[in-house]
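So the structure is just underneath, and the comments pick up after that.
We did not get these values from a lab; they are worked out from the coordinates using the rules stated. Everything numeric in this text was worked out from a predicted model, so none of it was measured. Every residue, glycine as well, gets a Cβ built from its backbone with ideal geometry; the counts of neighbours run over all protein chains shown.
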Amino acid sequence: MKMIKTREPMLIGGQNGDENYYVLPMGATVYYDKSFSEGFSRYMVYFNHHGPIVGDEVPMEPKYQGSLVDPLWLSDVDADTLKEIFKRFPLSKKDIAAAIKSNEITKDDLADIIRSMPD
């Protein structure tokens, strides 16, 4: 099975196309499953979890023909998508400061970013 280790975080679309996004972290390994004629491919991700998972069991119904695959959409993070997300979830000054402090951005880097912004 072909494996790919992600170089950047990726967005996971919410269930049934809702407007929520979740993040697959950088460095996650995704496993190629198959490609479809519609122009997309399906990948799998494995998780470990201690204890039972709170949720509802999905009963196997005849319409599933013995197998149910219910994938979510995974997409690259691009500038336009980030703008749309930040419109729905605006960041406060405190949020931005925390994000900057958690990364290895120097004051010079921050000054370059501010200088590149339109007036």
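Return the label of the correct value of P(r) over Cα pairs in 10 Å bins from 0, in percent, as calculated from the structure shown, out of (i) 14, 43, 33, 10; (ii) 9, 28, 33, 19, 8, 3, 0; (iii) 10, 18, 21, 20, 15, 8, 5, 2, 0. Answer label, from the structure shown: (ii). Computed from the C-beta positions of Gln15 and Ser92 and an R0 of 25 Å, the FRET efficiency is 0.35 to the nearest 0.05.
Taking other C-beta atoms within 10 angstrom as a stand-in for reagent exposure, Ser102, Ser41 fall in the order Ser102, Ser41, fewest first. Springs join every pair of Cα atoms under 10 Å in this Gaussian network model of the chain, and among Phe47, Phe36, Phe86 the largest mean-square fluctuation is at Phe47.
When shorter helices are ignored and each DSSP H run of at least 4 residues is given -39500 (n - 2.57), the per-residue value for the chain at 222 nm works out to -7500 deg cm²/dmol. All C-alpha pair distances within segment 10-78, sorted into 5 Å bins from zero, spread as 3, 11, 17, 22, 25, 14, 5, 1, 0 percent across the bins. Normalised by the number of residues in the chain, the mean separation of alpha-carbon contacts (under 8 Å, six or more apart) gives a relative contact order of 22 percent.
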